[in-house]
């Protein structure tokens with residue numbers, strides 16, 4: 001087999017591992033059905049109670065949709081190491097002749113698959129319950145929007161993996177807290193312009209801000225910056241490049257100082 005074929009097999013192996021664990025864990029269903037729907041209906045019903053117009057309802061529902069997709073996808077990437085951490089078997093993963101990005105890629109494939117299911121579910125119920133059409137942007141714009149969210153998710157997942165290798169059990173809370181902080185800063189339920197300084201400036205350094213502006217521009221909201229898509233993908237590219245270097249370094253450092261053995265039985 002060529003090196004490329006071997007890499008595909010290894011990525012597929014990690015994807016199969018995450019899929020198998022997910023299928024055997026009944027409560028993982030809540031991550032793609034229960035919590036996303038609870039988020040959609042709780043916020044959606046609030047917009048009905050406040051009698052918001054169609055555009056404002058869409059503004060908020062797009063934010064809810066975005067955070068649900070990112071959370072589901074990034075947690076799968078984080079699970080690539082969290083499962084091994086909880087099972088105290090991390091040394092068994094890294095003793096194998098694999099590259100850490102094969103592990104990340106396999107988990108990301110499952111995360112994107114589950115997030116696509118969440119999108120379809122929320123789009124259907126959002127249309128039935130609140131009359132909001134998530135598909136009116138057109139297929140190309142929708143694909144670009146989803147791709148941006150998936151890249152943001154893998155970036156968060158890699159950051160969690162780096163923290164787990166560096167700090168062990170103390171870092172697992174990052175898998176749930178990072179997205180919550182992003183929701184506060186990036187304008188999920190409100191425009192970033194209403195935030196006090198320096199938070200609007202911080203929001204401009206986070207790619208999600210630009211993808212929200214891009215997608216909302218199809219629902220009656222003007223883009224503050226005409227190049228939002230370019231800035232969004234550009235920032236993600238920079239962050240992923242930095243994380244690639246950091247992940248490679250922390251894995252090499254952990255192998256040298258015995259971190260994987262300490263985190264295993």
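Could you tell me whether any residue of segment 247-260 is modelled with pLDDT of 90 or more, part of a helix (DSSP H, G or I), closer than 22 Å to residue 71 by Cα and touching a helix residue (DSSP H, G or I) at 6+ places or on another chain (Cβ under 7 Å)? Yes, some residue in segment 247-260 is modelled with pLDDT of 90 or more, part of a helix (DSSP H, G or I), closer than 22 Å to residue 71 by Cα and touching a helix residue (DSSP H, G or I) at 6+ places or on another chain (Cβ under 7 Å). The helices (runs of 4 or more DSSP H) falling completely within segment 1-63 that include 3 or more residues that are touching a helix residue (DSSP H, G or I) at 6+ places or on another chain (Cβ under 7 Å) and over 16 Å from residue 79 (Cα atoms) map to 34-49.
When segment 168-182 is filtered for residues that are part of a helix (DSSP H, G or I), over 15 Å from the mean Cα position of the chain (by Cα) and touching a residue at least 40 places away in the same chain (Cβ under 8 Å), the ones remaining, listed by number, are 168, 169.
Checking each residue in segment 183-207 for being assigned to a loop (DSSP other than H, G, I, E, B) and more than 22 Å from the chain's Cα centre (by Cα) picks out 195, 196, 197, 198.
Among all residues of segment 72-83, there is none that is farther than 28 Å from residue 254 by Cβ, part of a helix (DSSP H, G or I) and touching a helix residue (DSSP H, G or I) at 6+ places or on another chain (Cβ under 8 Å).
Scanning segment 94-115 for residues that are surrounded by fewer than 19 Cβ atoms within 10 Å (Cβ to Cβ) and either out of contact with any helix residue (DSSP H, G or I) (no Cβ under 9 Å at 6 or more places or on another chain) or modelled with pLDDT under 90 (or both) yields 95, 96, 97, 98, 99, 101.
Residue count for segment 196-246 satisfying the condition of being without any contact (Cβ under 8 Å) to a residue 12 or more places away in the chain and touching a helix residue (DSSP H, G or I) at 6+ places or on another chain (Cβ under 6 Å): 2. Of the residues making up segment 77-87, not a single one is without any contact (Cβ under 8 Å) to a residue 40 or more places away in the chain and farther than 25 Å from residue 10 by Cβ. The residues listed here are 128, 165; of these, the one that is out of contact with any helix residue (DSSP H, G or I) (no Cβ under 6 Å at 6 or more places or on another chain) and modelled with pLDDT under 95 is 128. Examine segment 21-41 for a residue that is touching a residue at least 24 places away in the same chain (Cβ under 8 Å) and more than 30 Å from residue 212 (Cβ to Cβ), and state whether such a residue exists. Yes - at least one qualifying residue is present in segment 21-41.
The values are calculated or read from the model by the stated rules, or taken from the named source; none is laboratory data. Bear in mind that the values here come from a model prediction, so they are computed numbers and not experimental data. As a convention, Cβ positions derive from the backbone with ideal geometry for all residues, glycine included, and neighbour counts pool all protein chains shown.
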